[in-house]
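Accompanying notes for the structure given below.
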Amino acid sequence: MAQKIRVGVLGLTHDHVWSNLEALAGCEEGELVAAADLHEELRERFSQRYPQAQVFDDYERMLDAVELDAVYVFSDNLESVELVELAADRGLHAMVEKPMASSLSGAARMMSAAQEAGTILMVNWPIAWSPAVQHAFNLIHQGRIGELYQVHYRSAHAGPREIGCSTYFCDWLYDPLRNGAGAYMDYCCYGAAMTCYLLGLPSRVTATMARLRKRDLAADDNAVLIMQHARAMSTAVASWTQIGHLTSYEPTFYGSEGTILVRGRQLLLADAQHDDGQEIEVPEPPEGMRNSAEFFLSHVRQRKPIEGLCSPEVGLMAQEVLEAGIISAQEGTAVSLPLPVSYLQGWV
């Protein structure tokens, strides 16, 4: 049997880390060997779950002390940029949690670091492991709904604190500097990424962000992002104030010959023969596509660049869309893409 891929974790403040570590623990390809975080409580929680792994309170000390092949990056969106660069400098492959970074220049730095080092970089989008979403993408690529002209996705809940996110997670989600915005960056990123994956970079972006209900926040709690292509128009909607789950997390894809709606594990398809839609059987994902660990480690093993939704190219496009949306909201006007190179280089 091939030697297991040795994985370390940089940052534990992103609550998504725990489910991703569970997936890693169940993957024969990988071995969790270390984690680093600045917070003692998070380090203790990690040690209780994974006593076999080493724990550090300093990122660079872990990287220099432990033999690693790859890292998971689960810090805030701002700090993640530096952590990916530290990993790339040491020749380590990296999986970073969505949306890649807090800014376009940060995402560009990540991609540049990985390219220069010849390392694999993956942006983990949790929605990528939904069997129904995977099948929807396959049907779209097969032309089942004709020419795609709109992607719509609403991500919404009552708010990070209200749904039980950890204090460490909330601290940076509510900080526009460390997050990149508020609900907008947290949740409009999904619709931006799916749109860029399926339709490419939009030509024009319009966005609006507001603090409608949570007056104590420094960040937005609701946002709408509109992405325009030559023959398509898509929307991403975010909310941290929604009561209940109606209309949330149901990606919808509109084509010239049909419509696809994903509702949990259910996929509904409407066409000329089925106005109200019919349920389409959703196959189980093949091995390597069942979760983030399988996907990432199989690519590391094969030294194969990441393609599809989780590729750094799609992540960078999504980050450019998000940046353009922030400019649009601030200036009250539509913003054309691509953005000037000064935004990529962080001069603005």
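None of the figures in this text is laboratory data; all of them are computed from the coordinates on show. Computed from a prediction, not measured in an experiment: that's the story for all the values here. As a convention, Cβ positions derive from the backbone with ideal geometry for all residues, glycine included, and neighbour counts pool all protein chains shown.
How far apart, in nanometres, would the label points at THR167 and GLN3 be if each is projected 7 angstrom from Cα along the Cα-to-Cβ direction?
The modelled label-to-label distance comes out at 4.2 nm.
Based on the mean of other beta carbon atoms within 10 Å per residue, what is the order of 193-205, 260-272, 309-321, most packed first?
Top to bottom by mean Cβ count within 10 Å: 309-321, 193-205, 260-272.
If you wrap a convex hull around the C-alpha atoms of the stretch 161-214 and split its volume per residue, what is the figure in Å³?
So the per-residue Cα hull volume is 108 Å³.
Would you pull out the residues with amide H under 5 Å of THR241's amide H, same chain only if 5 or more places away, H placed 1.01 Å from N?
Close amide H contacts, sequence-distant or interchain: HIS157.
Whose amide H sits under 5 Å from the amide H of TYR149, counting only residues 5 or more places off or on another chain, with H placed in the peptide plane?
TYR254, GLY255, SER256
Determine the principal axes of the Cα atoms in the stretch 247-335, then give the extent along each, sorted from largest to smallest and rounded to whole angstroms.
For the stretch 247-335, the Cα spread along each principal axis is 46, 42, 23 Å.
Could you calculate the FRET efficiency of ARG231 with ALA334 from 1/(1 + (r/R0)^6), where r is the beta carbon distance between them and R0 is 25 Å, rounded to 0.05?
Efficiency, rounded to the nearest 0.05: 0.90.
Between the stretch 87-154 and the stretch 191-217, what's the alpha-carbon centroid distance in Å?
Between the Cα centres of the stretch 87-154 and the stretch 191-217 lies a distance of 16 Å.
On a straight-distance basis, which lysines could pair with LYS4 in a cross-link, Cα separation under 26 angstrom, same-chain partners fewer than 8 positions away excluded?
LYS98, LYS304
In 5 Å bins starting at zero, report the fraction of Cα pairs in the stretch 1-153 per bin as a rounded %.
Spelled out per bin, shortest first, that is 2, 9, 17, 19, 18, 14, 9, 6, 3, 2, 0.
Report the Cα-based extents of the chain along its three principal axes, largest first, to the nearest Å.
59, 47, 39
Given a Förster distance of 35 angstrom, what is the FRET efficiency for TYR149 paired with GLN54, based on the Cβ-Cβ distance and rounded to 0.05?
E(calc), rounded to 0.05, equals 0.10.
With charges only on Cβ, +1 for K and R and -1 for D and E, what is the dipole size of the chain about its Cα centre, in debye, rounded to 20?
Using only the charged Cβ atoms, the result is roughly 520 debye.
Using only the Cα atoms of the stretch 114-193, each taken as one equal point scatterer with no solvent, compute I(q) by the Debye sum, divide by I(0), and report log10 of the ratio at q = 0.13 Å⁻¹.
-0.63
Could you give P(r) for the stretch 207-270, binned at 5 Å from zero, as whole percent values over all Cα-Cα pairs?
Reading the bins upward from 0: 4, 14, 19, 19, 18, 13, 9, 4, 1, 0.
Using the basic label-point model (7 angstrom from Cα toward the beta carbon), what is the ALA272 to THR208 distance in nanometres?
Inter-label distance under the simple model: 3.8 nm.
Could you bin all the Cα-Cα distances of the stretch 141-288 into 5 Å bins starting at 0 and give me the percent of pairs in each, rounded to whole numbers?
The percentages, shortest bin first, are 2, 9, 16, 18, 17, 14, 12, 7, 4, 1, 0.
What distance in nm separates the two pseudo spin-label positions at ARG265 and ALA158, each 7 Å out from Cα along the beta-carbon direction?
Once both label points are built, they end up 2.7 nm from each other.
Which three extents, in whole angstrom, do the alpha-carbon atoms of the stretch 81-222 cover along their principal axes, largest first?
Largest to smallest, the principal-axis extents are 47, 42, 30 Å.
Around GLU250, which amide H atoms from residues at least 5 apart in sequence, or from another chain, sit under 5 Å from its own amide H, with H modelled in the peptide plane?
Placed amide hydrogens put ARG154 under 5 Å from GLU250.
How big is the gap, in Å, between the Cα center of the stretch 1-78 and the Cα center of the stretch 280-342?
For the stretch 1-78 versus the stretch 280-342, the Cα centre distance is 23 Å.
If packing is taken as the average number of other Cβ atoms within 10 Å across a peptide's residues, how do 33-43, 100-110 rank, most packed first?
Packing order, densest peptide first, comes out as 100-110, 33-43.
Assuming 0.36 nm per residue, please report the length gained on full extension of the stretch ASP216 to VAL66 beyond their Cα-Cα distance.
Full-extension gain reported as 49.8 nm.
If the stretch 264-314 were replaced by its equivalent ellipsoid, with semi-axes equal to the square roots of 5 times the Cα gyration tensor eigenvalues, what would those be, largest first, whole Å?
32, 13, 8
At a Förster distance of 25 Å, what's the computed FRET efficiency of ARG301 paired with ALA25, Cβ-Cβ distance as r, to 0.05?
For ARG301 and ALA25, the calculated efficiency is 0.90.
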